[in-house]
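Asks: Next up is a structure, given as structure tokens.
The values are calculated or read from the model by the stated rules, or taken from the named source; none is laboratory data. This is a predicted model, so every value here is computed, not measured. Counting neighbours? That spans all protein chains shown, and the Cβs are built from the backbone with ideal geometry, glycine included. Accessible surface is based on the protein model in full, side chains and every heavy atom, while ligands, DNA and RNA are left aside. Shrake-Rupley method; radii C 1.70, N 1.55, O 1.52, S 1.80 Å.
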Amino acid sequence: MSKLLNLSLKRFMIYAGLVLVCSIPVYYFILSKLWRYELDEHHIELTPAAGREDRYLIIMIVTTLTMLFFLMLIIGFVLINRRISKRLWQPFYNSLAKIKSFNLDQQQTVIFEDTEINEFAELNQSLNKLIAGNVAVYKQQKEFADNASHELQTPLAIIQSKLDLLLQSKLLTDDQYELIEDANKALSRVARINKNLLLLTKIENSQFMDRELIDLSGLLQSTLNIFSNFSENKDLELKRDIPAGITIEGNKILVEILLNNLITNAIRYTANKGTIAVTLSDKYLSVANSATEALQNDQLFKRFGTTTSSITRGTGLGLSLVKQISSRYGWKVDYTFHNSYHIFSIHF
């Protein structure tokens, strides 16, 4: 890609070169006619050798002068054009810098500088309307998700308790018990989704601002110990490479959520008797689990994105939470599929 100024200068240089090439024979032709006219006018006769020498001299002088003046003209035009264009396009570059620094999550106000150029003034007005509309829609969506999640908590808890009481009834048949159990599982999943949506909203609203020095090695070991029963139920081989003393800065609650989601995701999508490998260093954390096919990268970190055809389902928000927490601290989340392993890495 080229800048607009470079494109215009390139075309001008090509045009100037064509004019220069065409002007030299024209100059030579005109001067030759003039030279011949002067010789005839004054009845001067030159030998063929002297005539050729004069023609060569004329060609050299005309070519040198023409190239010199064209070179001066082009250099002057380029310098003037750059200076004028820089001043003319400065409002555009100022607006572009404002747009690049704009972050919808932070919802900061964008103030474009005033300009006397009508086209750029209209551009800034259109950008202001576009940004204001996007910020308003974004706020409405966040408020809706926040309010809906809060309002759903109480009825979900009531339904959960009613189903638990119903399950304790001795008058249920086996078919009724299975139906209630299925409804209870679906309701539990809805409750987890609601909880994760609330958590995402709190993260986006910057409600976890405090930072502390966290012993990541110890926290990761304790998290793996908590989930060891789940891995044992599936007869999974758990490999650990966790050096002691590795620390990071962040909110401990968010880091715990990040680790929980990575590990539960690995356990959930690893077949029985599979392998999970957890590797930690001062630069990255890697959680790998055995698998047969790669996930869909375009859906991987989206909310409720479908990344696999597996019937085992989570809330669809686990990796989205991992991405959101990592982005908060400037960490890079990466996914690769190598040697029949899903590998999720977080680079600090």
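Asks: For a quick check: with amide H placed at 1.01 Å from N, whose amide H comes under 5 Å from Thr247's, ignoring anything fewer than 5 positions away on the same chain?
Replies: Leu216
Asks: Same structure, new question: Report the extension gain between Leu104 and Phe12 in nm, rounded to one decimal, defined as 0.36 nm multiplied by the number of residues separating them, less their alpha carbon distance.
Replies: 29.0 nm
Asks: How do Val78, Val322 rank by accessible surface area computed with a 1.4 Å probe, from largest to smallest?
Replies: Per-residue accessible area, sorted high to low, gives Val78, Val322.
Asks: Quick check for you: with a 1.4 Å probe and neighbouring chains kept, what is the accessible area per residue of region 207-288, in Å²?
Replies: Solvent-accessible surface per residue comes out at 52 Å².
Asks: Say the dipole of region 105-207 comes from +1 at the beta carbon of Lys and Arg and -1 at that of Asp and Glu; which of Val190, Leu172, Gln160 then lies farthest toward its positive end?
Replies: Leu172
Asks: Relative to the present Cα-Cα distance, how much length would full extension add between Asp210 and Glu119 at 0.36 nm per residue of separation?
Replies: 28.2 nm
Asks: Here is a further query. Give the Kirkwood hydrodynamic radius (Å, one decimal) of region 212-347, defined as one over the mean of 1/r across all pairs of different Cα atoms.
Replies: 15.1 Å
Asks: Name the shape class, rounded, prolate or oblate, that the alpha-carbon gyration tensor gives for region 181-255, where a ≥ b ≥ c are the square roots of its eigenvalues, rounded holds for a/c under 1.5, and otherwise prolate holds if a/b is larger than b/c and oblate otherwise.
Replies: oblate
Asks: Right, here's the next one. Just to make sure I understand: if all protein chains stay in place, what is the order of Lys162, Lys100, Lys252 by accessible area at 1.4 Å, largest first?
Replies: Of Lys162, Lys100, Lys252, the descending order of accessible area is Lys100, Lys162, Lys252.
Asks: Further question: Can you sort Phe77, Phe12 by solvent-accessible area, 1.4 Å probe, largest first?
Replies: Ranked list, largest accessible area first: Phe77, Phe12.
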